[in-house]
Amino acid sequence: MRSKFPICVLILLMIISACKQQEIAVPEQVKDLSGEWRIVKAVRNGVDITTLTDFTQFRLSFNKENQYSIEHPLPFVVNKNGSYALDDPKYPLRITFSQTGTDAPVSSSFAYPVVAGKRNLVFTFSPGCTSNTYLYTLEKVAP
């Protein structure tokens, strides 16, 4: 009985020392904006204006070549088609739009949250007048 105890302890120590925890690094994916987006919520100066204006026709489309297009423009960061860039492809906080035919890029704060299981885009901007601040929440249109 005594000879079995040290052997059992030795086997137990070997099993414990053989179990190493390995951390698997999962790299953050580059944010993919491609697709067509629609406004689901609009706030101006802290007041929800979603039901006060027809936002249903507005569409913002991004493609994988960093180009965007706008259908049925509303007060937005830009009003012409062009190209876009994120400040960080993995952890974006700002998006910069370069409209076709203009030299000055326009930048907006940007969030990319998941709400109720759906990816959203949230833009905060002031189109011209700094006393008016808009916050648009966009949701991807199902293909």
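Rule-based calculations on the coordinates, nothing more; no lab input. From a predicted model like this one, the values you see are computed outputs, not experimental measurements. In this analysis, Cβ positions are derived from the backbone assuming ideal geometry, glycine residues included, and neighbour counts consider all displayed protein chains.
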Seminar exercise, completed: Quick shape check on region 62-143: root eigenvalues a ≥ b ≥ c of the Cα gyration tensor, a/c under 1.5 is rounded, otherwise prolate if a/b tops b/c, else oblate, and it reads rounded
For this session: Using only alpha carbon pairs under 8 Å that are at least six residues apart, calculate the relative contact order of the chain and give it in whole percent.
Result: 21 percent
Exercise. For region 87-134, what does the alpha-carbon gyration tensor say about shape, rounded, prolate or oblate, given a ≥ b ≥ c as the root eigenvalues, a/c under 1.5 as rounded, and a/b over b/c as prolate?
Worked result: oblate
Seminar exercise, completed: Taking Cα atoms only, helix 4-18 is inclined relative to the longest principal axis of the chain by an angle, in degrees rounded to 10, of 20 degrees
Exercise. Once you sort the root eigenvalues of the Cα gyration tensor of region 42-107 as a ≥ b ≥ c, which label holds: rounded (a/c under 1.5), prolate (a/b larger than b/c) or oblate (the other case)?
Worked result: prolate
Problem set entry | Net dipole in debye of region 37-97 [+1 Lys, Arg Cβ; -1 Asp, Glu Cβ; about Cα centre; nearest 20] | 40 debye
Exercise. Which length gain, in nm to one decimal place, applies between residue 115 and residue 80 when the Cα-Cα distance is subtracted from 0.36 nm times their residue separation?
Worked result: 9.8 nm
Seminar exercise, completed: The farthest towards the positive end of the charge dipole of the chain, of the residues 16, 53, 106, given +1 on Cβ of Lys and Arg and -1 on Cβ of Asp and Glu, is 16
Exercise. If each residue's Cβ is checked for other Cβ atoms within 10 Å, how do 137, 96 rank with the fewest at the top?
Worked result: 96, 137
Exercise. Mind checking the dipole of the chain: about its Cα centre, +1 per Lys or Arg Cβ, -1 per Asp or Glu Cβ, Debye to the nearest 20?
Worked result: 720 debye
Exercise. Expressed as a rounded percentage, what relative contact order does region 7-61 have, with Cα pairs under 8 Å and six or more residues apart?
Worked result: 30 percent
Exercise. Given the options 23, 65, 36, which has the most mean-square fluctuation in a GNM of the chain, springs set between C-alpha atoms less than 10 angstrom apart?
Worked result: 23
Seminar exercise, completed: Among 125, 72, 141, the residue whose Cα sits farthest towards the positive end of the charge dipole of the chain, when +1 is placed on the Cβ of each Lys and Arg and -1 on the Cβ of each Asp and Glu, is 141
Exercise. Hey, what's the per residue convex hull volume over the C-alpha atoms of the chain, in cubic angstrom?
Worked result: 198 Å³
